[in-house]
Every structure is written in structure tokens, then in C-alpha cells.
Amino acid sequence: MSARANILGKLRNSLAGTTPRPDEFDERLVTAPWRYAPEDRIDRLRSLMEAVHTEVHPCRSDNWPELVAELLNKRNLTNLLCAPSKEHGRALQAYFEATEQKVELLAYDQPVEAWKEELFWNVEASLTGTLGGIAATGTLVLWPDRNEPRLMSLVPPVHIALLKASEIHDNLYDMMVAQDWAAGLPTNVLLVSGPSKTADIEQVLAYGAHGPRELIVLVLEDA
Amino acid sequence: MSQLFYDAAPNATRVAPEREPERVYPDKPEAVTLFGTCVVDLFFPEAGLDAIHLLEREGVRVHFPQEQSCCGQPAWTSGYRDEAKAVARAQLDILDRAGLPVVVPSGSCAGMFRHHYRALFADEPDTLRRVEALAERTFELTEFLLKVCKVQLADRGAPSKIALHTSCSARREMNTHLHARELLQQLERVERIDHDHESECCGFGGTFSVRMPEVSGAMVKDKTRSLMDSGAVEMVTADGGCLMNINGSLEKQKESFRGRHLASFLWERINGTSEGEAA
Amino acid sequence: MSQRIPVTELPSDFRGRAEGALADGQLRNNFRVAMDSLMSKRANAFPDADEREGLRELGNRIKAGALSRLPDLLEQLEQKLTENGVKVHWAETIEEANTLVHDIIEARKGNQVVKGKSMVSEEMEMNDYLAERGIECLESDMGEYIVQLDNEKPSHIIMPAIHKNARQVSKLFHDKLGEPETEDVNQLIQIGRRTLRQKFMEADVGVSGVNFAIAETGTLLLVENEGNGRMSTTVPPVHIAVTGIEKVVPNLRDVVPLVSLLTRSALGQPITTYVNLISGPRKPDELDGPEEVHLVLLDNGRSGAFADAQMRQTLNCIRCGACMNHCPVYTRVGGHTYGEVYPGPIGKIITPHMAGLDNVPDHPSASSLCGACGEVCPVKIPIPELLQRLRQENVKAPEQPQQVKGGGAKFSRRERWIWRGWQMLNTRPVLYRSFLWAATRFRALSPKKAGPWTENHSAPVPARRSLHDLAAQHLDQNGGRPS
Ligand code: SF4
């Protein structure tokens, strides 16, 4: 007998003569305490994210590239990983070219194996879009894909994320339902609620444990 | 919402019982049975007598069946189910004979009647009905004074600062800490001082204190330290086990600080003296 | 590769180890401070008691619902994961699980494994198993890394290195990695970051645990703050997730309350920095992520606990650690005293099914039954009730049918007779009253030593007169005594 058959057999045996419990999920418990007026969502998200060491900058569709340049220059960063295949990537590229920024724009356009060393040791910052945000917990939702692969938001020490204000949902449950996640998920979904951190030594918080030391969120208020 | 017994099969998957609704209290009865508890009986009888005084002061007649002994808790928490059950059955018979409300001057023993007898007699439907009835009419002393007698205490003592300790199980099962606090609040010249880690266990736990003397000893040492550091001049509690543990440890440490049963403390405050002390 | 042999050999029994831990002032202080902080963080994370209680009830019902159809859910999970391209394996024992993991690594000719935090892999002692076969298996969670570097075991399921302070970590990094000493926690973490980055890049296989396995979508959910879990499950070409069979939940939406309960109860955080939902290996058009994803489903005694409807409730556990954070015993003796993978209250109720009660005979007794654990458990496991049950199993006579593996370990005929005597005393009023009479009358003769009791207390001396006596007299005088 296989382990599988043994395990399932034992479990079935223990349940003999019983009926499965009814589904008692009560969505009010995960939604009602976590509802916000639309105008309060940004503030809620912002205050929660700032409490965990995240920079949140409200901006607009026409001025965010300028802000990115400013943020990078302030930190003396020399390169930025972003997706030229995406609309925001193109916008940034156009702005950087027009204003002759010195920061080099890098693209994640080959399998990780082909440039692991460089990605891990030389890339200083990255910029990605997000699928949306969650006000209740101060969370960004990322669905990595070919254009913005999984490691883009993890390996570089500084991660800049673009968040459209209209995509901020009250709570995770609402977002899952609104977008029907249960119908099918991509290979990887990420909820990100701050820069990487640890409290494993004496419970003292230290940022940049394995992932980004800094998380910067640009909230596009007009998008 | 489905019930605990949605599926009567003994092997059905269990859910946590529904939250208990807030207890509805009856009017003050004419008479009650006092269940003294074995620890109070032998080591703190004055507290039991002061409990009787407090009840009589409220115009409640107290009945003390001489056949009573122990609620069965020591054996139950030690894993000796059969022995616990035999002793529990004996108490159940005695308490049923009078059929009066039962008042217990020790939180964990009241909890035994209110909660754990159900587990002991789960396999005897007829007894279980009697157990349910007993649970319904059992009250911890402070709860009974406050909620059923709606006692009003006039403080006659000198100004004092005290610390309150409540038995963990009693606090969690019956909110005894809230009842005791409210009673103490009625005493004008008594200030209740919070002590460090107030809600933490004193380390008694019945046979735990002799099975794991190292750990239990560390716990009671910490408890006595925070009681003494609190600035209170004495500690009061409504649980005999905790009182024995804390006072025994203080005495061993040759400290002069002591704990006292809440019943004696209250009786003294409203009279200026504890009659029980004369015993 | 170093072996995980504790640096200091600890005594073999709970009481012996506890004695050592209690005498270690530094250790006691480290735990007290840490547990106090975790308790207040949890309290702050649940400001509304009604909301908290409602959520705990929901958590309890979701887990109970899942357990009530566990075999079907496991099959559904397997089917969905397989559709998604994840290979599912089943193991009854830790030996089987280790063999499965080893075979997967061998097939890729791998010799470097990097691990995200996983209690099941601790249960399997996977590091040792692989090390013996020439495979380096490196912990990447900062706490686990520190503990591994010092040849220790975790002392807490969420905070593995909680027993150490910065000075101790500094010395460790100095001795083992040749780093300059520093008590600056940030610098210590940066040392860990640098060292482990290289390892993530080089690793052939990443191993992780699973917090929730979602049957509906075939998804493995992992929560973490550091990012090492994402690294371990994304960078190496192979990802092996190991988990217990109880981790499956029916629907995706179920993880909304469960994650909230988990992160708030464990660390007081509304959510962890990362929640990572993995539903398959890298697709052909994707540029990163593992080429292979495996899930090993481990039984290791869980089906045994499942067979007993009362003990089945232990499988609700979502491994948040709140029960140990709130346990006055754990706070004083620390995780290593338990001598097993899972310490604290949860360890006391699940270890018997894994290791046998006879291997942990003191575990059920190491509790004052104060109830703090049951009060905070986010999935409402009645921990004190289960401890009480295990005490019954512990003292069962050998001739009685044993319901828990290794039951009857604490059976003693002498003790049984003492309780029989106690029973007789308390069921025969005449006997009881004679005892009271003698004890009060001859109180001067009470022994000055009363076994372990007098280690911590003065000898108890009975009162001059019992309450039976005082009450009879008083009620007689007052005419209050019913006939
Ligand atoms: S038993 Fe409850 S409190 Fe303890 S780790 Fe498990 S889920 Fe958390």
C-alpha cells in the first residue's frame, strides 16, 4: 500500500459515519470592520505603510517620473530596473531620455539564470506596477509576470511601486471577490506590506533582512 | 449557525462551543448552601465563617451540610477521572438533597461545579441533567454577593492599599476578577493597586506544585515579588489554593507580607473586625 | 557541514532541563522580556474584543470544517496542484519524507539546499538527514540561521533565536564567520544578509514550509517578514515545500481570516511583510521562478491524533506561537526545556502523537492549567482540556486500552492507591470528619516536611478548628441550621 492510500484510508476510517460540517464562512467578519470611505482609503494605507518604514508619495500620472528621478538622485543610485514593455516603463524611459538623467535604466528581459550575478549584486533599485492596494492592512498586491518577474520586487535594495488610487480596495476579501481570484491564480501572487524586515535578534526591528531595505510607494491619485 | 452537535456521531469533528451568553442572575434567595471547599475547611476556616457572616448580613440563611468534603478537582486535574467522579457524585448527591443555590468561597472549586462536572458526567445523561442544574445554581462568593445580593458595603476600616489576586481558571471561566474588583471599589478607604503581571498564574495548579516544584516555585516567587513590590500592604484573593500557595511561599521566604481571603477582608472592613479570626 | 548536536548536553528529562533553565538568569530575562513584548503586541493588534472573538470563532469553524472533510480536501488539493504543474508526494513517516526530499535533490544532482523557515522540516530533522548524505542544507531565516550556526535547535516556533541576545549573536558571528564583533542589531543582520545572498544564488534546491494549502485553487500560501521565504521559493531551480496534512483549507477566501488571525496572534502585525501565494512552477514564457515545484505531505502521527475526535482539535493549529508567548511555564523555562521540536502548550498536546507519550511523560504535567493558552489560541483549541485528557492517558493502567501512543507512561500503582484513599476519604463523611478532627486536634504534630511542597513553602499547618466544626457551632447558635 502506498503512503497516500494509507493516510487517506486512516483519515476516512476515522470519519466513518460522520457528515462534513457545513460551510460557515461569514464574510461580514472579514469585511465589516474593514470598510472605509473612498477618500479615507489612501490615508489608511499610507499611515499603515509608513508605520512599517515605507515611504508613500501621493503624485499624478504626469509628474511621477520626475519624482522617481528625484528619489533616485537623492540616494545617489546609478541604475534602476524597470519594464520597458509596460506603459509606465515607457513613460519613465521617455522622461529620463528627455531630461538626460544619468541613472541607467535596466530591463529584466532574460531568464534569471543568464544574469543572476548582476541582478544580485549590481542592480540598485527597481520599479514595478501593482495590481492594486489594500487599505485595511496597508498592502500592495503584485501579480508578477513576464514583464515584471517575481524577483524584480525582491532582490534590488530599493523597490519603488506604482499604485493607482482607484485600485485601492478596502480589504483583501473585497479585492479577491471583485477580481474573482478563485477562478484562477497566476503562478505567483504577492502581498507586500513594507520593506523586508526581521526582529529575530532581541526583537529589535532591522530592515533589509533579505529583500529591499526600502519600499517607496507612489500613489497615482488621478489614476 | 450550526450547533456543536450538528452531527451526533462520537467521532464527528468538534467545533468550539458557542460563547456563553452573559449570566442572568436570579433574585436573592432565602437560603443557600455553602460549599466550604477542602482547603478552606482545613486551612482557612475563618474565611468560610466570614463568608457565612457576609451572607447572613444580606438576610440569606446559610446551610452547611456536614457531609460535604471536596469538589474532586485535585484528582480531576491529575488525570484520575474515576476517583474524581466518585467524589463529585458524592457532592452532587449532597448538594441536590437541599436543592438550594450553592455558594463557594473559592473560584476554582466553583468552576469545577459550573464547568468540569459536565465533562465528568458526559456519558451519563441522567446525571448530566442534575449536573446542568447544579451549574445553573452555583455561584462563586464574590459573584453571589455582588450580582445576586447586590451588596452595599460601608467601609469602616482605616485607609489601606491592597493587591488583588484571582485564580486563573476562575477568572477565565467566570470573570471573578471583575466581581472582586467591583466589590473592593465599594470600600471607600481601600485602594486596589495593580501589581506587575497581575493576570499571571501564581504557580499553584493543584498537583502541578508538587509535580513540577522547580517551575511552580519560580512562578510563585515571581508572584510574591511583584505583590510585595506593588506598594500594597496585603493581598486579598477569593481562592483557597492560591492563598495557600502564596502565603506558604511568603512564609518560607521569611517575608512578613501576607495574603488573606477576600471574605475575611470584607467582613473586617465593614465591621472593623473579623469574627472569624477569633476561631 | 556541522552537525546539529547541542553544544551543551541537556539533561534527558523535563524537570532536569527546567532546573537548568531556571538557574540561568540571562535566559530567563531574555524570555520574560520577549514574551512580555509579544503579549502586548498581540493585545494591541486586537483592540476590539468582539471582532477578535468573532474572528477566532470563524477560524475555529474553518479549520473544523476542513478537518471534517480532510481526505476529500487533500485529494482535491493534489488534483489542483497537479493540474498546475506541482508534483505532490505523500509520506507517512519522517523517514519517508526525508527520502522523498533526498531523491528529488539527487535527481537534480544537487548538493546545496537553502531553506526558508519550516517547522515540518525541523520535525523531519531534514538538515541532519541531508548533511549525512553530503548535502548542505542551510537555514535562511535569520533566527534559524543563528541557531543553526550555533548547532542549536529553535527555542520558539516563530522566533527561533529568542533565547539569545545581541551580544551572544555577535560572539557567534565573530567565532564562526570571522566578523568583527558588534552589538548593533542592524549590522548583525547585514552580515547575515550578505552571507545568505550568496547562498540563495548558488543553491540547487529551495525548501520551504507552507502556512495554508488551498484546495480550491491548488495554491501554497507562505507568510514571512524577511523575504528569505520568497528567495528560497523563487531563486533555486527546484522548490520543495514540506507540510503536514492538516494545513489544507477548502477555499481561497478562507485564508483571509486565517492569515489575519495568524499574523496578529503571532507578532501583533496586521499582516506580515510578505504573503506569498504559489500556484505553480515557472511557465515557459516566464523569466524566473523554479522549474519544478514539489509538495511533500507529511503524516507523522497526525492521522493518529485525527482518529480521536477530542485530540483531532490539535490539528486546528496554525502555528502562531501565541500559546507559548502567553504561557507562564514557557516564559520561565524557555523552548529548549521541552526537548522537542514544538515547545510550549502546543508542543505538549501534539508531541505525544508524534513521539509517543512515553517519550514526553512530563509534558502533560508541566502546566498549572491556568488557561492562558486556550484563551489566546486563534483557532480555539481547548488546550487545557486536552492537557487534562493527556494526564488521564498518562496514568492509565497498562491493562486498560491505550488511546494515545505511549499512554500509561506515568502509571504508578502506588499513586493510584493514594488517589483511591483520597476518594474514600472524600466520599465517606464520617471518615472525612474524623480526619478533620484529627488533623486540627493534632495540628502541632503535622510534618515539617511535606515532600516537594516544602521546597517552596512552609509546612502547611491545619487550623485549630475546621470549617465543618465552626459552621456547625455558628449555625446552631443562630438557629440557622436546617434540621
Ligand atoms: S495551539 Fe493555537 S495558539 Fe498555539 S500555536 Fe497553535 S494556533 Fe497558535
Strands (runs of 3 or more DSSP E) wholly inside segment B:150-254 that include at least 3 residues being open to solvent by less than 10 Å² (accessible area, probe 1.4 Å): B:160-165, B:234-237
Residue check, C:ASP285 away from the ligand (no atom under 14 Å from the Cβ), away from chain B (no Cβ under 14 Å) and out of contact with any helix residue (DSSP H, G or I) (no Cβ under 7 Å at 6 or more places or on another chain): yes
Selection from segment B:131-144 of residues that are open to solvent by less than 70 Å² (accessible area, probe 1.4 Å), assigned to a helix (DSSP H, G or I) and closer than 20 Å to B:SER169 by Cα: B:VAL131, B:LEU134, B:ALA135, B:LEU141, B:THR142, B:GLU143, B:PHE144
C:ILE350 being within 7 Å of the ligand (Cβ to nearest atom) and part of a helix (DSSP H, G or I): no
Count - residues of segment C:140-164 that are more than 10 Å from chain A (Cβ to nearest Cβ) and within 15 Å of C:LYS176 (Cα to Cα): 5
First in segment A:164-178 and under 30 Å from A:ASN63 (Cβ atoms), second anywhere and open to solvent by 70 Å² or more (accessible area, probe 1.4 Å), Cβ under 6 Å, 6 or more apart: A:ALA165/A:GLU221; A:ASP170/A:ARG35
Of the criteria (1) within 11 Å of another protein chain (Cβ to nearest Cβ); (2) away from the ligand (no atom under 15 Å from the Cβ), which one C:GLY356 fails: (1)
Members of segment B:106-130 found to be in a helix (DSSP H, G or I) and polar (S, T, N, Q), listed by number: B:SER108, B:THR127
Failed item, numbered, when B:LEU54 is tested on (1) more than 10 Å from chain C (Cβ to nearest Cβ); (2) surrounded by fewer than 24 Cβ atoms within 10 Å (Cβ to Cβ); (3) closer than 21 Å to B:HIS261 by Cα: (2)
Residue satisfying condition, being buried (at least 24 other Cβ atoms within 10 Å of the Cβ) and assigned by TED's automatic domain parsing to the domain that holds C:GLY268, within set C:GLU224, C:GLU216: C:GLU224
Restricting segment C:273-282 to residues that are in a loop (DSSP other than H, G, I, E, B) and touching a residue at least 12 places away in the same chain (Cβ under 8 Å), the residue that is farthest from the other protein chains (Cβ to nearest Cβ): C:PRO281
Selection within segment C:302-319 - facing chain A (nearest Cβ under 10 Å) and within 13 Å of the ligand (Cβ to nearest atom): C:ALA305
Qualifying residue in segment A:169-181 (condition: within 23 Å of A:PRO111 (Cβ to Cβ) and more than 7 Å from chain C (Cβ to nearest Cβ)): no
Subset of segment C:40-63 [under 19 Å from the mean Cα position of the chain (by Cα) and facing another protein chain (nearest Cβ under 10 Å)]: C:ARG56, C:GLY59, C:ASN60, C:LYS63
Residues of segment C:165-179 classified as open to solvent by less than 20 Å² (accessible area, probe 1.4 Å) and more than 8 Å from chain A (Cβ to nearest Cβ), total: 3
Residue check for C:ALA322: closer than 15 Å to A:LYS10 by Cα, more than 9 Å from chain A (Cβ to nearest Cβ), within 15 Å of the ligand (Cβ to nearest atom) and open to solvent by less than 10 Å² (accessible area, probe 1.4 Å): no
Subset tally (residues that are in a helix (DSSP H, G or I), open to solvent by 10 Å² or more (accessible area, probe 1.4 Å) and either under 23 Å from C:ALA18 (Cα atoms) or without any contact (Cβ under 8 Å) to a residue 60 or more places away in the chain (or both)) for segment C:123-144: 3
Selection count where residues are within 38 Å of the chain's Cα centre (by Cα) and either β-branched (Val, Ile, Thr) or assigned to a loop (DSSP other than H, G, I, E, B) (or both), scope segment C:414-472: 10
Odd one out for C:GLN112, checked against (1) within 11 Å of another protein chain (Cβ to nearest Cβ); (2) open to solvent by 30 Å² or more (accessible area, probe 1.4 Å); (3) touching a helix residue (DSSP H, G or I) at 6+ places or on another chain (Cβ under 8 Å): (1)
Where C:ILE271 falls short, out of the listed (1) within 16 Å of the ligand (Cβ to nearest atom); (2) open to solvent by 10 Å² or more (accessible area, probe 1.4 Å); (3) in contact with a strand residue (DSSP E or B) (Cβ under 7 Å, 6 or more places away or on another chain): (1)
Number of the exception - C:GLU75 against (1) without any contact (Cβ under 8 Å) to a residue 40 or more places away in the chain; (2) within 14 Å of chain B (Cβ to nearest Cβ): (2)
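Yes/no per residue for (1) away from the ligand (no atom under 16 Å from the Cβ); (2) acidic (Asp, Glu):
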{"site": "C:GLU125", "(1), (2)": "yes, yes"}
{"site": "C:LEU130", "(1), (2)": "yes, no"}
{"site": "C:GLY143", "(1), (2)": "yes, no"}
{"site": "C:MET159", "(1), (2)": "no, no"}
{"site": "C:ILE162", "(1), (2)": "no, no"}
{"site": "C:ALA166", "(1), (2)": "yes, no"}
{"site": "C:LEU172", "(1), (2)": "yes, no"}
{"site": "C:ILE189", "(1), (2)": "yes, no"}
{"site": "C:LEU196", "(1), (2)": "yes, no"}
Qualifying positions in segment B:225-265 - among the hydroxyl-bearing types (Ser, Thr, Tyr), touching a residue at least 40 places away in the same chain (Cβ under 8 Å) and either outside the structural domain of B:GLU191 (by TED's automatic domain parsing) or closer than 22 Å to B:THR37 by Cβ (or both): B:THR237, B:SER264
Qualifying residue in segment C:364-387 (condition: more than 14 Å from the ligand (Cβ to nearest atom), assigned to a loop (DSSP other than H, G, I, E, B) and more than 20 Å from C:CYS317 (Cβ to Cβ)): yes
Unique match (being within 16 Å of the ligand (Cβ to nearest atom), surrounded by 23 or more Cβ atoms within 10 Å (Cβ to Cβ) and touching a residue at least 12 places away in the same chain (Cβ under 8 Å)) among C:VAL329, C:VAL333, C:VAL296: C:VAL329
Residue in segment C:241-272 that is nearest to C:ASN60 (Cα to Cα), counting only those that are more than 10 Å from every other protein chain (Cβ to nearest Cβ) and of a type in the set (Ser, Thr, Tyr): C:SER265
Failed item in (1) surrounded by fewer than 20 Cβ atoms within 10 Å (Cβ to Cβ); (2) modelled with pLDDT of 95 or more; (3) in a loop (DSSP other than H, G, I, E, B), with C:SER483 passing the rest: (2)
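The values are calculated or read from the model by the stated rules, or taken from the named source; none is laboratory data. Worth saying up front: this structure is predicted, and the values here are computed from it rather than measured. For neighbour counting, all protein chains shown are included, and Cβ atoms are generated from backbone atoms with ideal geometry for every residue, glycine included. Areas reflect the complete protein model, heavy atoms only, side chains present, ligands, DNA and RNA absent. Shrake-Rupley method; radii C 1.70, N 1.55, O 1.52, S 1.80 Å.
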